[in-house]
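The values are calculated or read from the model by the stated rules, or taken from the named source; none is laboratory data. Everything numeric here is computed off the predicted structure, so don't read it as measured data. Please note: Cβ atoms are built from the backbone with ideal geometry, for glycine as well, and neighbour counts cover all protein chains shown. These accessible areas exclude ligands, DNA and RNA; they are computed on the full protein's heavy atoms, side chains included. Shrake-Rupley method; radii C 1.70, N 1.55, O 1.52, S 1.80 Å.
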Amino acid sequence: EQLAATKPGRRHLRSCGSYLVLRQLHTWEKDPEVLGACEKLIQVLIGDEPEEGMENLLEVTIPQDVEKRLRDLDREEEEEQR
């Protein structure tokens, strides 16, 4: 997760073929938490790069209402997995 937070880190993960490994892991993994983490990382790797000035995802300011909604979605996802 930390490595995927920066543009150079994402570039490195892509260049090493991490997407292919994650895609394969996703086909046989049974643990819902691992599957969720794979899906989120895959989205980061295949998604468009953030605009200039937002390349480091750890430094992006998220509005409180959006952060609350994301937490609620994570909680809902965890409940569904149980």
Residue that is nearest to Asp48 (Cα to Cα) [pool: residues in the range 24-36 that are open to solvent by 90 Å² or more (accessible area, probe 1.4 Å) and at pLDDT 90 or above]: Gln24
Single unsatisfied condition, Leu35 versus (1) closer than 16 Å to Leu3 by Cβ; (2) in contact with an Asp or Glu (Cβ under 7 Å, 6 or more places away or on another chain): (1)
Of all residues making up the range 62-77, the number that are over 16 Å from the mean Cα position of the chain (by Cα), under 18 Å from Cys38 (Cα atoms) and open to solvent by less than 70 Å² (accessible area, probe 1.4 Å): 0
Count of residues meeting criterion [open to solvent by 100 Å² or more (accessible area, probe 1.4 Å) and part of a helix (DSSP H, G or I)] in the range 46-61: 2
